[in-house]
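Peer 1: The structure follows.
The values are calculated or read from the model by the stated rules, or taken from the named source; none is laboratory data. Keep in mind that this is a model prediction, so the values were computed, not measured. In this analysis, Cβ positions are derived from the backbone assuming ideal geometry, glycine residues included, and neighbour counts consider all displayed protein chains. With ligands, DNA and RNA removed, areas are computed over all heavy atoms of the protein, side chains included. Shrake-Rupley method; radii C 1.70, N 1.55, O 1.52, S 1.80 Å.
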Amino acid sequence: MTPRALRPGTLLLGAVTLAALTGLAPTDALAQAGSQGLQIFSSNTSGGTTDYTVRTQILIIMTLLGLLPAMMLMMTSFTRFVIVLSLLRQALGLQQGLPNRIITGIALILTLLVMRPVGERIWTDALQPYDEGKITLAQALKNAEAPLSRFMLAQTSKPALEQIATLAGAPAVTDPALHPFTVKLAAFVLSELKTAFMIGCMLFIPFLVIDLVVSSVLMAMGMMMLSPLVISLPLKLLLFVLVDGWTLTVNTLVTSVRAI
């Protein structure tokens, strides 16, 4: 078996997540960590390094198979979308009427729509050249990280990045792109949570007003035994349909993501 035999198929499925290894395990550190039992790089005739050995590639693939779903979710806008849609469901009072699978499906579709430019750049700059044998795995990792880091930094707030860098003990840099990948990823997730709650709060307020008005009217009429949800739910659904709520929500979510 040669390293070339591992490139199609399974290895390509984990190539986006492989970019995280650039921050988790720098190339120089990996090269120094080689041993007789498991060499990190294979050498060419001139004495230089060309690529990871077969056993190392298998180790990376098997490790990433378990981490791939979580890493794919954390490095995209999926977190923002699913939180906002969950808060919207809570505001409408549709805990049973809008299943979790529907929420997850909508968030996943919007994520694919938003992440398409990043995916195309990763495919063009990293996956395709590596599959054709034009670049090594180490270079593919570096090429895949570049567009992904630009996307994450475009959504990351400066205070969040500085806070995570301080907690991680990372040295001060002049360019945010010079931070380790793990620092950029943690700051990106923190910024996504903040943005998601901000959007969810704006969506929640109109429906909260309806609940307050309905509760006040029922209390004034002495109908305390009648649940306000019975009256407010149809009113909230009617308002949501009249203002074309799904179009406004999707437009808000997609346009909230900054393009690179």
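Peer 1: Do we have Gly97 as at pLDDT below 90, on the phi > 0 side of the Ramachandran plot and not basic (Lys, Arg) here?
Peer 2: no
Peer 1: For the structure I just gave you, tell me whether Glu192 is among the acidic types (Asp, Glu) and farther than 25 Å from Thr252 by Cβ.
Peer 2: Judged against the criteria, Glu192 is not a match.
Peer 1: Kindly check whether there is at least one residue in segment 238-250 that is among the hydrophobic types (A, V, I, L, M, F, W, C), surrounded by fewer than 14 Cβ atoms within 10 Å (Cβ to Cβ) and touching a residue at least 12 places away in the same chain (Cβ under 8 Å).
Peer 2: Within segment 238-250, the subset among the hydrophobic types (A, V, I, L, M, F, W, C) is 238-243, 246, 248, 250.
Cutting the leftovers down to surrounded by fewer than 14 Cβ atoms within 10 Å (Cβ to Cβ) gives us 238, 241-243, 246, 248.
Adding the requirement that they be touching a residue at least 12 places away in the same chain (Cβ under 8 Å) leaves none.
No, because not a single residue in segment 238-250 is among the hydrophobic types (A, V, I, L, M, F, W, C), surrounded by fewer than 14 Cβ atoms within 10 Å (Cβ to Cβ) and touching a residue at least 12 places away in the same chain (Cβ under 8 Å).
Peer 1: For segment 87-113, give me each residue that is open to solvent by less than 40 Å² (accessible area, probe 1.4 Å) and either touching a Pro at 6+ places or on another chain (Cβ under 9 Å) or of a type in the set (Ser, Thr, Tyr) (or both).
Peer 2: Of everything in segment 87-113, those that are open to solvent by less than 40 Å² (accessible area, probe 1.4 Å) and either touching a Pro at 6+ places or on another chain (Cβ under 9 Å) or of a type in the set (Ser, Thr, Tyr) (or both) turn out to be Ala91, Thr111.
Peer 1: Okay, next question. Could you list all residues from segment 163-181 that are free of Cβ contacts under 8 Å to residues at least 24 places away in the same chain, under 20 Å from Ala146 (Cα atoms) and part of a helix (DSSP H, G or I)?
Peer 2: Ala165, Pro176, Leu178
Peer 1: Moving on. If I go through segment 209-230 residue by residue, how many of them are among the hydrophobic types (A, V, I, L, M, F, W, C), surrounded by 14 or more Cβ atoms within 10 Å (Cβ to Cβ) and at pLDDT 90 or above?
Peer 2: Residues that pass the stated criteria total 3.
Peer 1: Taking the condition of being among the hydroxyl-bearing types (Ser, Thr, Tyr) and open to solvent by 40 Å² or more (accessible area, probe 1.4 Å), how many residues in segment 167-208 meet it?
Peer 2: Counting residues in segment 167-208 that are among the hydroxyl-bearing types (Ser, Thr, Tyr) and open to solvent by 40 Å² or more (accessible area, probe 1.4 Å) gives 2.
Peer 1: Which is farther than 30 Å from Leu233 by Cβ, at pLDDT below 90 and among the β-branched types (Val, Ile, Thr), of Thr156, Thr174, Thr124, Thr166?
Peer 2: Details: Thr156 fails: at pLDDT below 90; Thr124 fails: at pLDDT below 90; Thr166 fails: at pLDDT below 90.
Every option except Thr174 fails the conditions.
Peer 1: Now for a separate question. When segment 108-128 is examined, which residues are found to be touching a helix residue (DSSP H, G or I) at 6+ places or on another chain (Cβ under 7 Å) and either among the β-branched types (Val, Ile, Thr) or free of Cβ contacts under 8 Å to residues at least 40 places away in the same chain (or both)?
Peer 2: Leu108, Thr111, Val114, Val118, Arg121, Ile122, Asp125
Peer 1: Something else now. Just give me the residues in segment 140-166 being open to solvent by less than 10 Å² (accessible area, probe 1.4 Å) and among the charged types (D, E, K, R), in sequence order.
Peer 2: Those that are open to solvent by less than 10 Å² (accessible area, probe 1.4 Å) and among the charged types (D, E, K, R): none in segment 140-166.
Peer 1: Given the conditions (1) surrounded by 17 or more Cβ atoms within 10 Å (Cβ to Cβ); (2) part of a helix (DSSP H, G or I), report the number of the one that Thr76 does not fulfil.
Peer 2: Answer for Thr76: the failing condition is (2).
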